[in-house]
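Each reported figure results from applying straightforward, stated rules to the coordinates on display, with no laboratory input. Quick caveat: nothing in here was measured; it's all calculated off a predicted structure. Note that we place each Cβ from the backbone using ideal geometry, even for glycine, and neighbour counts take in every protein chain shown.
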Amino acid sequence: MPRLFITSLLTLIATTSAFAEDQIVKINGAIISGQIISEDGDAVVLSIRGIELRIPMSEIREIVRDEEDAPASAEASEPSSSAPMGEMQKAEFSNKWERRMDASGNPVPLVAIIPVGTEGREQVGTDIVPEVYEAMIPVLRDMQPDYVVFRVNCNDKRENGYWYQVKREEASMLNDFDLLGEIADVWHNRFEDEGIYAQPICWVEDAVGSSAVLSLSFCDLYTSSEATIGGLQGAAQMFERVRSDENTYGKYREAFLGMFRGPLELGRIRCDGAGHDNALLDALVYPDMRLSATWQGRSVKWELNRKGSYIVDDNDKSAVEFSAKEAGDFLISKGMADDLDDLLLLHELVDFDLDDTSCQEVFDDYSEDWRKALAECKTAIEEMQELQAGVGPSDAMRQAQFRLTRMKKILRMMNRYSAVALRCQMEFGLSKLGLEVQIEQLEEQIRAMRSNDRGRQGGRGGAPRGGGRGIGGR
Amino acid sequence: MNNRLAHTILFIAFFAASSFAEDIRFQLANGGSAVVDVASSVEVTVLEQGVERTYAGRIEGLKTKAGKPDGQYFMLEGDFGRKLIMIRDVAAIASTGSRGSAQAKDPMFSDRSPTSGQAADAEADASGKQVVLYLPLEGGVGQEFRHQEIVKIGEYADELSPGGGAIIVLKINSNGGLVAESIKINDTIREIKSRGHRVVSWIRKAISAGCNTAMACDEIVFNPLGTAGSVTTVRGTASVDESQDPAVMEHLIMTAKESGYSEHVARSMKLNRYMTAYVKDPETGKVEWYGGVDGNWYEPLPEGAVVISTKDQNLSFNASNALACGFSRGTCRDLDEVAEYLNLPDGEWYVTDTRGEKLAKNWADTYKECTSRMQILSQRWQFKGSAEGAEAQLQERIKILREFLYWARKAPLVVAMNGPFGMDEEEIVKNIQRQIKLLEQQLRDLRRG
């Protein structure tokens, strides 16, 4: 069951008179509580749990100071302060996603967490696929969050190879390079089409491999202090086999880059032109591309040469990668945060409610189910390998039936989970169609063995089946 | 939001409201206007990819609604054949000659008179609603993506809107495919355009032969995720240079020129060594193209030139740079935005009938089944019936060949691409028939002992 967590500390700050603080009411209606430590004609600096936040005057509608607000605050918080926290939650959230009101009577923003990997082992192409995010749509539609945080913790290299060279649709002649575009389409278009109007925020804990491309489709991108954005060099290696022909290589390379750039293009449209530059992506993918940066106010101009004011990548042996600090320095990320409270604070969200379980459950269910199914497939394959090595039934008929049962099981799992089909193809070279034919062939062998048995039985006296001494009569 | 180029004509208004009105005032963005008699010959100057070209001919099939110029167009018939002209691209227009036939009396639907037995057309005309057809073309060119479906959608357009004027939107999502099929597709699109229909490609992915198809259309719009280009011809893994086969380069250049694109764009899409740059006038939006080869520009690049393909790079567009240089006319994330681009009533997407989608689905299903059966049949050939003796095996093989024959008739190119019977479609059928006869003979011999 989905649960709603309240960020207890921040909620307490907002609702307990003992902790009443100054409040900044922003033009967009957001209220930020903290202690004003300085102010001038341009901005107010607010201290929130030791973190300083500078809010420009142009964004402020009203400043409510502690001394002015204290009585009202105490009054407003009276029912809360007299009731235990648990009871308050229960009362206020009898409806699963019912909105809590802040001291000023405004609904407190609701933040949903959307996992893009959890433990880092999850991969684009298996766990991170469009259908998982499509499955989250009904949950998010009911929830109607104000913000969705795409929490990226994904390293394509950690568990297995890249999916790039694998065909998702076996009938297709072509490798499937569109997956990233399809995922980005769900996140940036489908969610909105389905009535989910939350503001997206991307929080990268690790984005190594294709998830780096997906992360760069967000203009509001933040990282944890240990994050890496990069690891796309594997994608570039796909076309090494045609390197000797510069035009063929050029064709594949640009076509592939064109597809990879799609999510960034979509991201820029969704962010009204803000977002990440195609040149940055090109340098993340191809080792031979130089990259330089020139700061232009609050943005960076990227160039695939050494002409910029700072040379980011000057070698042709490896593609560029960014640590969290570098991502911040080059304005790829808007800031660093090691927990959600800090992340949302960077986004000027102080008082909020958080649902970090509903989408996670959808994600985990899918991930656990297909991994379990894949484990069963691996066991079946191992058993067949053992059979070949002499472990298991000894007579031919039983051996054939043993293999048939396991092949059918693998096929069933491959049909049920696209991730299993993909992994079986990557790891064991198994295709669904190939397996179907092998099953048919095995069934035919079994039929022939039965037929031969009957033939032998007939030859030995022609006793009708079921009579006399039976099959293999002596 | 639809990012349309807004560099052209403001609107067009009827000079006289009568249903027999012949004079039309074209009101231009610069405040000027031109009155022309649509029944007479006209000379039209059109801005095509930043280059002004002038055509003389007679206006037909004017489709317009006052105040909403985007997406409106007319057909111009002249010595050059028939050409679709977007009203927003008209830089100048003037009457030049004598009045034509009475056919062009009604400027709204001048060349669309309902004929008996064509109820759909009559209905379309009666409602005055623009005929719109949609054909998704997805997959390998020559495989899932063929000229046959485009031929049929053209026929439906003729049926629903005789004399032209239908809009056919082709969604293109392809990594490319066969050159020969690509040429057939381009010829088909050219024919449809010559019959007065407007063919718009909406690109999700138009790589190689897919891009060739897109460039044959009247206009290109992109999906935000879209990409187009990389038209290098490859045999095996080796690229084909123009010195080896000039026709492949010439064909793409011809397609580009016909649709108003710079030939530098075509060359850069084909081979790395060709270079392309452009300069866009910030006020008029006019684009000047520059080309070069092997690191040398044919003429010096002016300041502000945007290089889109270097000597080491194959040209492939994304939505943003395609829009910036005019290769694309808009970016539409879904069909509603395509409708907005096309200026359909209330900006809402519709199709006049759904035969385009059905065509696409039927062929996609057939293709999928055929490729799957081809693989299964090839495998079965090895083992089917062998455990039950020679006669059973011969019977099974005859059965397999009969199914191959069925598919060779239904999906000849798929069988050619995936089967062991050769590439010539007619030869394949004969080849399979011969093999069936041979096996039948063997079976008879076997039975005779």
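To the nearest 0.05, how large is the calculated FRET efficiency for B:Ser243 and B:Asp187 if R₀ is 45 Å and r is the Cβ-Cβ distance?
In this case the efficiency is close to 0.95.
With a cut-off of 8 Å between alpha carbons and a minimum separation of six or more residues, what is the relative contact order of the range B:359-448 in percent?
Here the relative contact order equals 28 percent.
Residues with amide H under 5 Å of A:Val312's amide H, sequence separation 5 or more or different chain, H placed in the peptide plane at 1.01 Å from N; which?
Excluding prolines and chain starts, which carry no amide H, the hits are A:Leu291, A:Ser292, A:Ala293.
Return the Cα extents of the range A:363-451 along principal axes one, two and three, sorted largest first, each rounded to a whole Å.
49, 25, 19
Could you tell me which of A:Ala319, A:Cys202, A:Pro130 has its Cα farthest along the dipole of the range A:110-356 towards the positive end, charges placed at Cβ (Lys, Arg +1; Asp, Glu -1), taken about the Cα centre?
Result: A:Ala319, furthest along the dipole toward the positive end.
Please name which of B:Pro302, B:Trp363, B:Ala277 has its Cα lying farthest along the dipole of the range B:270-406 towards the positive end, using unit charges on Cβ (Lys, Arg +1; Asp, Glu -1) and the Cα centre as origin.
Of the options given, the answer is B:Trp363.
Would you please name the chymotrypsin sites (Phe, Trp or Tyr not before Pro) within the range B:317-398 that are DSSP coil residues with at most 14 other C-beta atoms within 10 Å of their C-beta?
Working: sites: B:Phe317, B:Phe327, B:Tyr341, B:Trp349, B:Tyr350, B:Trp363, B:Tyr367, B:Trp381, B:Phe383; in loops: B:Phe327, B:Trp349, B:Tyr350.
Sites meeting the loop and neighbour criteria: B:Tyr350.
Using only Cα atoms, locate the centre of the range B:201-244 and the centre of the range A:223-281, then give the distance between them in Å, rounded to an integer.
19 Å
Charges at C-beta only: +1 for Lys and Arg, -1 for Asp and Glu. How large is the resulting dipole of the range B:358-449 about its Cα centre, in Debye rounded to 20?
In total the dipole reaches around 240 debye.
If the cut-off is a Cα-Cα distance under 30 Å, which lysines reach B:Lys384, setting aside same-chain residues fewer than 8 apart in sequence?
The reachable lysines, counting only those whose Cα sits under 30 Å from B:Lys384, are A:Lys167, A:Lys378, A:Lys408, A:Lys409, A:Lys432, B:Lys368, B:Lys399, B:Lys410, B:Lys430, B:Lys437.
Using only the Cα atoms, what convex hull volume per residue in Å³ does the range B:307-449 have?
That works out to 192 Å³ per residue.
For peptide B:234-240, what's the mean number of Cβ atoms from other chains within 10 Å of each residue's Cβ?
Partner-chain Cβ atoms within 10 Å, mean over residues of B:234-240: 5.
Let me know the charge dipole size of the range A:110-356 about its Cα centre in debye, to the nearest 20, where only the beta-carbon of Lys, Arg (+1) and Asp, Glu (-1) is charged.
Numbers: 23 positive and 47 negative charges, 240 e Å.
Using Cβ point charges on Lys, Arg, Asp and Glu, the range A:110-356 gives about 1160 debye.
In the range B:309-363, which GluC sites (Glu not before Pro) are in a loop and have at most 13 other Cβ atoms within 10 Å, using DSSP for the loop call?
Counting only loop positions with at most 13 other Cβ atoms within 10 Å, the GluC sites (Glu not before Pro) in the range B:309-363 are B:Glu348.
Would you mind ranking A:Glu382, A:Glu254, A:Glu444 so that the residue whose beta carbon has the fewest other beta carbons within 10 Å leads the list?
Sorted ascending by nearby Cβ count, the order is A:Glu382, A:Glu444, A:Glu254.
Using only Cα atoms, what is the ratio of the radius of gyration of the range A:110-356 to 2.2 N^0.38 Å? If you can, show how the numbers build up before the last one.
On the way: Rg = 17.8 Å, N = 247, 2.2 N^0.38 = 17.9 Å.
Dividing the Cα Rg of the range A:110-356 by 2.2 N^0.38 Å gives 0.99.
In whole Hz and in residue order, list the ³J(HN,Hα) couplings for the range A:115-124 that follow from phi through the Karplus curve 6.51 cos²θ - 1.76 cosθ + 1.60, θ = phi - 60°; x for Gly and Pro.
x, 10, x, 10, 9, x, 7, 5, 10, 5
At what distance in nm do the modelled label points of B:Tyr350 and B:Asp281 sit from each other, each positioned 7 Å from its Cα along Cα→Cβ?
In this crude label model, B:Tyr350 to B:Asp281 measures out at 4.0 nm.
Which value in nm describes the separation of the simple spin-label points at A:Met238 and A:Asp288, placed 7 Å from the Cα toward the beta carbon?
So the label points at A:Met238 and A:Asp288 sit 1.8 nm apart.
Residues with beta-carbon under 14 Å from that of B:Gln441, excluding B:Gln441: net charge, scoring Lys, Arg +1 and Asp, Glu -1?
Charge balance near B:Gln441 sits at +3.
Among B:Val429, B:Val131, B:Val169, which comes first, second and so on when ranked by fewest other beta-carbon atoms within 10 Å? Spell out each step's value before the answer.
On the way: B:Val429 17, B:Val131 23, B:Val169 27.
Fewest to most other Cβ atoms nearby, the residues stand as B:Val429, B:Val131, B:Val169.
Sort A:Ser318, A:Ser323 so that the residue with the fewest other Cβ atoms within 10 Å of its own Cβ comes first and the one with the most comes last.
Least crowded to most crowded, the residues run A:Ser318, A:Ser323.
Work out, step by step, the length gained on full extension between A:Glu383 and A:Glu62: first 0.36 nm times the residue separation, then minus their alpha carbon distance; give nm to one decimal.
108.4 nm
Taking H placed 1.01 Å from N in the peptide plane, check which residues at least 5 places from A:Ser333 or on another chain put their amide H under 5 Å from its amide H.
Here A:Gly328 satisfy the definition.
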